[in-house]
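Scroll down for the structure; my scribbles are underneath it.
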Amino acid sequence: MNGQARLIGVDWGTSNLRVMRIAAGGAVLDSRSDPRGAGGLTPDQFRPVLEQVAGDWLNQGLPVLVSGMAGARGKWREMAYLPCPAGVPDLATAVASPDDAPYVVIVPGVALFEDGRLKDVMRGEETQVVSLDVSQDAVVVGPGTHSKWIRTADGRIMDFRTFMTGELFAAIRQGTILGADMGEPGADDAAFAAGVDRALHDTAITAALFSVRVEGLAGRLSPAWAADYLSGLLIGAEVVAQIDAKDRPVILIGAPALCRRYADALKQGGFHDVRTADSAVATAGGLWRIHEALRR
């Protein structure tokens, strides 16, 4: 890919690290990944890991901008959460550097407060959201371990809600009677759609979950398809909880297979304008916009 690197962008998730050379405008020129996510690192380990992964890039004297869990409590440098509403200028104003790496700048997370009390938090998704050119009153959905539903207006994060869907899915499969003999997800779209339908019509999710066992005992659900039905139940519960936003455009950012599942569930729930954005492209674009704001 042609272009001159202007920024080193770092997306430091809980489980993985991604480092990118970014050109003007946010285009990704090169990318490197590493399994040493922030979740397993102590504060003094971040700089050595970054230098191991991107040492030759760091020698080019480019600015380094980091988003994600490097700014979490107990990690490289704890970055305070910005309150909603928050946009690019707010994020740029609140960046800071870790003591052992003054050449690195870390982006803060975003928090939701209600009546002065902390209600919800995010780190990393805010950078992806501010990369998007979306109309007023859009919803950005980040599927994953902790799914985020983020409402935006005028390019700013206005409100959001976190769902522990991915983590709950794994816990149910591994640690409950429902997971016994359960196959891998992704095998049966019809079973997934059936789970979504059940969730849309039975919002008592802890009761609806037991239908995984009931459907199996009744012979209507094979163990091979049970994971897809369970996935549909949990994702459908997210959709029904946000059903008041069905007339707004929805932008999905995440792994393609998971975004496809969410898109199917959203359409099943009556959402008509569903789009998908690449997560790496969104992160790089958001980091570039924050970098531009820092130069002003």
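The values are calculated or read from the model by the stated rules, or taken from the named source; none is laboratory data. As the structure is a prediction and not an experimental result, all values here were calculated from the model. Note: ideal-geometry Cβ built from the backbone for every residue, glycine included; neighbour counts use all protein chains shown. To get the accessible areas, we keep the full protein, side chains included, count just its heavy atoms, and leave off ligands, DNA and RNA. Shrake-Rupley method; radii C 1.70, N 1.55, O 1.52, S 1.80 Å.
Relative to the current alpha-carbon distance between Arg275 and Asp154, full extension at 0.36 nm per residue lengthens the span by 41.7 nm. Restricting attention to the chain, close to 65% of DSSP beta bridges with both partner residues there are antiparallel.
Find the relative contact order for the chain and round it to a whole percent, using C-alpha pairs within less than 8 Å whose residues are 6+ positions apart. Over the chain, the number comes to 17 percent.
State whether region 42-97 is rounded, prolate or oblate according to the following rule on the C-alpha gyration tensor (a ≥ b ≥ c being the square roots of its eigenvalues): a/c under 1.5 gives rounded; otherwise a/b larger than b/c gives prolate, and the remaining case gives oblate. The partial results should precede the final answer.
Working: a/c = 3.40, a/b = 1.53, b/c = 2.23.
It comes out oblate by the Cα gyration axes.
In this rough spin-label picture, where each label sits 7 Å from Cα along the Cβ direction, the Ala204-Ala224 distance is 3.4 nm. Averaging the sequence gap over all C-alpha pairs within less than 8 Å and six or more residues apart, then dividing by the number of residues, gives region 72-187 a relative contact order of 18 percent. Note on Lys267/Arg161: beta-carbon distance plugged into 1/(1 + (r/R0)^6) with R0 of 25 Å gives a FRET efficiency of 0.75.
State which helices in the chain qualify, where a helix is a whole DSSP H run, it must extend 27 Å or more along its own axis by its Cα atoms, and its mean Kyte-Doolittle hydropathy must be at least 0.0.
Numbers: long enough: 223-241 (28 Å, 1.10).
Span-like helices in the chain: 223-241.
Once a ≥ b ≥ c are taken as the square roots of the eigenvalues of the Cα gyration tensor of region 33-176, is the result rounded (a/c under 1.5), prolate (a/b larger than b/c) or oblate (a/b not larger than b/c)? Please report the intermediate quantities before stating the final value.
On the way: a/c = 1.83, a/b = 1.25, b/c = 1.47.
Oblate.
Extension gain for Gln136 to Asn16 (0.36 nm times residue separation, less C-alpha to C-alpha distance): 40.0 nm. Counted by Cβ distance under 12 Å from Ala193, the other residues give a net charge of -2, where Lys and Arg count +1 and Asp and Glu count -1. Under a no-solvent Debye model with one identical scatterer per Cα of region 165-266, what's log10 I(q)/I(0) at q = 0.10, 0.12, 0.19 Å⁻¹? The Debye formula, applied to the Cα set alone, gives -0.25, -0.36, -0.89.
Taking square-rooted eigenvalues a ≥ b ≥ c of the alpha carbon gyration tensor, is region 220-266 rounded, prolate or oblate, where a/c under 1.5 means rounded and, failing that, a/b exceeding b/c means prolate?
Details: a/c = 3.39, a/b = 1.67, b/c = 2.03.
Judged from the Cα gyration tensor, region 220-266 comes out oblate (a/c at least 1.5, b/c at or above a/b).
The simple Förster model, with R0 at 22 Å and r as the Cβ-Cβ distance, assigns Gln4 and Arg295 a FRET efficiency of 0.85.
Could you tell me the calculated FRET efficiency between Ala241 and Ala96, based on Cβ-Cβ distance and R0 = 45 angstrom, to the nearest 0.05?
Details: r = 35 Å, r/R0 = 0.77.
E(calc), rounded to 0.05, equals 0.85.
Taking Rh as the Kirkwood radius computed over C-alpha pairs, what is the Stokes-Einstein D of the chain at 20 °C in a medium of viscosity 1.002 mPa s, expressed in µm² per second? The Stokes-Einstein estimate is 106 µm²/s. Its relative contact order, with pairs defined as Cα atoms under 8 Å and 6+ residues apart, puts region 66-134 at 33 percent. Annotation: per residue accessible area for the chain equals 46 Å², rounded to a whole number [probe 1.4 Å, protein chains only]. Here the accessible area of region 140-274 is 55 percent carbon and sulfur, with a 1.4 angstrom probe and all protein chains present.
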